[in-house]
Amino acid sequence: PMLYRQDRLRQDLAKPTPGPGGSWLVTGIAARAGIYLYANPDGTTRRELVDEDCLANPANGIATLGRAPLTLQHPSVMVDADNVGEYGVGDVDSQIFVAEGGYVTVKMAVRKSDAQDALSQGTIELSPGYLVEVDDTPGEHPVYGAYDSRQVRRQYNHLAIVDAARGGPECRIALDGARISEEI
């Protein structure tokens, strides 16, 4: 028989796996499809659609998330070769997966103790930092609803461990065994 299941992220399940050099190896959801809210300069809110094609299509930049630096909170500047030692706390594995429902799932190595301490204290959400190409044509998505513009291409710079992700609490270090459906 077919059974209905919803995987929930639970802190009482899987712990980080010890890795080389004292690192912690973890898995997380880096992004999800949906409507993201951004503040406009005039104080109004802009609704940007991020659909599965933007997230999962290799031509749209998903491959740039692989090997990206992992940071603790978002730095005020783009991460580059000159400042990765200051901002980097680990890195994203090169294998990127797209789970059911358009969730971008990644493996990460958390290499610095301040980030490991933050994870232990409950800072477990994930938020990507990226450059984006936006189509300003408004519309309505059949699942996610009305939007003012649509993200069409992302070029990732880093993935941040944060207190609260713009993508919502689903975007976090995974602490259970959610099924991964497709590898990019």
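Details
- Rounded to the nearest 10 Å², the accessible area of Ser94 at probe 1.4 Å: 70 Å²
- Based on Cα contacts under 8 Å between residues 6+ apart, region 60-184 shows a relative contact order of 34 percent.
- Highest GNM mean-square fluctuation among Thr45, Thr71, Thr123, for the chain modelled with Cα contacts below 10 Å: Thr45.
- The candidates His74, His141, His158, arranged from most to least accessible area with a 1.4 Å probe in the full protein assembly, appear as His74, His141, His158.
- Descending semi-axes in whole angstrom, ellipsoid equivalent of the chain, from the Cα gyration tensor: 26, 21, 15
- FRET efficiency estimate (nearest 0.05) - Cβ-Cβ, Glu140 to Val77, R0 41 angstrom: 0.70
- Of the accessible area of the chain, computed with a 1.4 Å probe over protein heavy atoms only, carbon and sulfur atoms account for 50 percent.
- A straight chain from Val132 to Lys112 at 0.36 nm per residue would run longer than the Cα-Cα distance by 4.3 nm.
The values are calculated or read from the model by the stated rules, or taken from the named source; none is laboratory data. Keep in mind the model is a prediction, meaning the values are calculated, not measured. Quick reminder, even Gly has a Cβ in these numbers, built from the backbone with ideal geometry, and neighbours come from all protein chains shown. What goes into the accessible areas is simple: the full protein's heavy atoms, side chains included, and nothing from ligands, DNA or RNA. Shrake-Rupley method; radii C 1.70, N 1.55, O 1.52, S 1.80 Å.
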